[in-house]
Each structure stands twice: as C-alpha cells, then as structure tokens.
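Participant: Take this structure, written in structure tokens, and hold onto it; I'll ask about it next.
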Amino acid sequence: MRISECHLAYLPMHYVLLFPHGEMGWEPEMKKWDVNYNRPATKRLTKIDYYLYRLF
C-alpha cells in the first residue's frame, strides 16, 4: 500500500527522528502561539517556522 506524500501520516513514518512519538506534522490550519496572552495568535504558522522549530 502506498501513502501519498501529502497525507499527514507520511512525515512521521518517513522522518522517524523528527517525530519519535508518531505525532502528525505541519498542517495548514496551525496557528502561532501568543506568549503574551497565552492563547493562539491570529497568524498562521508557516511550514518553514514549524520545521525550524522541530530541527532546533
């Protein structure tokens, strides 16, 4: 069986070191976190920002 590269389960299966607990990867609807108000911000989280955080 093949999994599309666009499917959410593809990244945890392909990049095991980045997702050791099997959590899903970046999604287009993810929001940035506003630390001042302790809630999600209005801006969306970019794919680059997400993976930079994961690699950090």
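Laboratory data are not the source of any read-out in this text; all were calculated from the coordinates shown. Predicted model only: the values in this text are computed from it and were never measured. Methodologically, a virtual Cβ is constructed for each residue, glycine included, from the backbone with ideal geometry; neighbour enumeration extends over all protein chains shown.
Participant: Where does each of LEU11, LEU17 land when they are ranked from fewest to most other beta-carbon atoms within 10 angstrom? Show your work: numbers first, answer last.
Facilitator: Numbers: LEU11 18, LEU17 6.
Neighbour counts put them in this order, fewest first: LEU17, LEU11.
Participant: If you put +1 on each Lys and Arg Cβ and -1 on each Asp and Glu Cβ, how big is the dipole of the chain around its Cα centre, in Debye rounded to 20? Each step should come with its number before you reach the end.
Facilitator: Values: 8 positive and 6 negative charges, 31 e Å.
Using Cβ point charges on Lys, Arg, Asp and Glu, the chain gives about 140 debye.
Participant: Let me have the 222 nm mean residue ellipticity of the chain computed from DSSP H runs of 4+ only, each contributing -39500 (n - 2.57), with the sum over all residues rounded to the nearest 500. Can you show the working numbers first?
Facilitator: Numbers: 2 runs with 14 residues, N = 56.
The helix contribution divided over the chain gives -6000 deg cm²/dmol.
Participant: I've got another one for you. Rounded to two decimals, what ratio of Rg to Rh does the chain give with C-alpha atoms and a Kirkwood Rh?
Facilitator: Values: Rg = 13.1 Å, Rh = 12.6 Å.
In the chain, Rg relative to Rh is 1.04.
Participant: Here is a further query. How many nm is it between the label spots at HIS14 and ARG2, if each spot is 7 Å from the Cα in line with the beta carbon?
Facilitator: 1.3 nm
Participant: Hey, another quick one. Run through the chain and list the trypsin sites (Lys or Arg not before Pro) located in a DSSP loop whose Cβ has at most 12 other Cβ atoms within 10 Å. Don't skip to the answer; put the middle values down first.
Facilitator: Details: sites: ARG2, LYS31, LYS32, LYS43, ARG44, LYS47, ARG54; in loops: ARG2.
Hits after loop and neighbour filter: ARG2.
Participant: For ASP34 and PHE56 in one chain, what is 0.36 nm times their gap in residues minus the Cα-Cα distance, to one decimal in nm?
Facilitator: Working: separation 22, 0.36 × 22 = 7.92 nm, distance 1.94 nm.
Contour length minus Cα-Cα distance gives 6.0 nm.
Participant: So, one more: Could you point to the residue in ASN36, ILE3, GLY25 farthest towards the positive end of the chain's charge dipole, with +1 and -1 charges on the Cβ of Lys/Arg and Asp/Glu respectively?
Facilitator: Farthest along the dipole direction, towards plus: ASN36.
Participant: Could you derive backbone 3J(HN,Hα) for the range 43-49 from the dihedral phi with the Karplus parameters 6.51, -1.76 and 1.60 (θ = phi - 60°), listing whole Hz in sequence and x where the residue is Gly or Pro?
Facilitator: 7, 7, 7, 7, 4, 5, 4
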